[in-house]
Amino acid sequence: MLSVLVPFQPPHNHHPNPIRIEIQLDEFRLEIQRRDQEILAMAAKMKTLEEQHQDYQRHIAVLKESLCAKEEHYNMLQTDVEEMRARLEEKNRLIEKKTQGTLQTVQERNRLTSELTELKDHMDIKDRKISVLQRRVRHPIPPSFPPSATI
């Protein structure tokens, strides 16, 4: 709280009272001391605020540095993700290619299995015919004549 200094005004008679002047001087000295104390308090407060401001500035610098590091880390991770995505797509293409190859192989195997089964069936039929013919050759059946055709 600032006080206003009142200038010294001597009484209307030109002989100032020395006690009164001494009292006023003491009051002025006290007022000056009080104001000096206010100035010191304000200076201390100002110093504290300046230090706090410097702390905030350092904290802001640390936060900016941290943000830059995090952005750099994010960019590195983004690059890693893109590389992994590209590798995944390549592996998916390879899997699709192998799946198609496997499907074709399975279809070809099924076709060959079917053809083999068909050939085995034909061989079985041929083997049975050969067996029948071999029995006929070993045990020929005499020709039979109808009874009315005898002489």
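The values are calculated or read from the model by the stated rules, or taken from the named source; none is laboratory data. As the structure is a computational prediction, the values presented were derived from the model and not from experiment. Glycine gets a Cβ as well: all are built from the backbone with ideal geometry, and neighbour counts include every protein chain shown.
Results, tabulated for the structure shown:
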item: Answer from 32, 60, 39, 21 - the residue that is modelled with pLDDT under 95 and surrounded by 10 or more Cβ atoms within 10 Å (Cβ to Cβ); result: 21
item: Test: residue in the range 70-84 that is among the hydroxyl-bearing types (Ser, Thr, Tyr) and surrounded by 10 or more Cβ atoms within 10 Å (Cβ to Cβ); result: yes
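Condition check ((1) touching a His at 6+ places or on another chain (Cβ under 8 Å); (2) on the phi > 0 side of the Ramachandran plot; (3) in a helix (DSSP H, G or I); (4) not polar (S, T, N, Q)) across all residues:
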site	(1), (2), (3), (4)
66	no, no, yes, no
72	no, no, yes, yes
96	no, no, yes, yes
100	no, no, yes, no
112	no, no, yes, yes
124	no, no, yes, yes
140	no, no, no, yes
143	no, no, no, yes
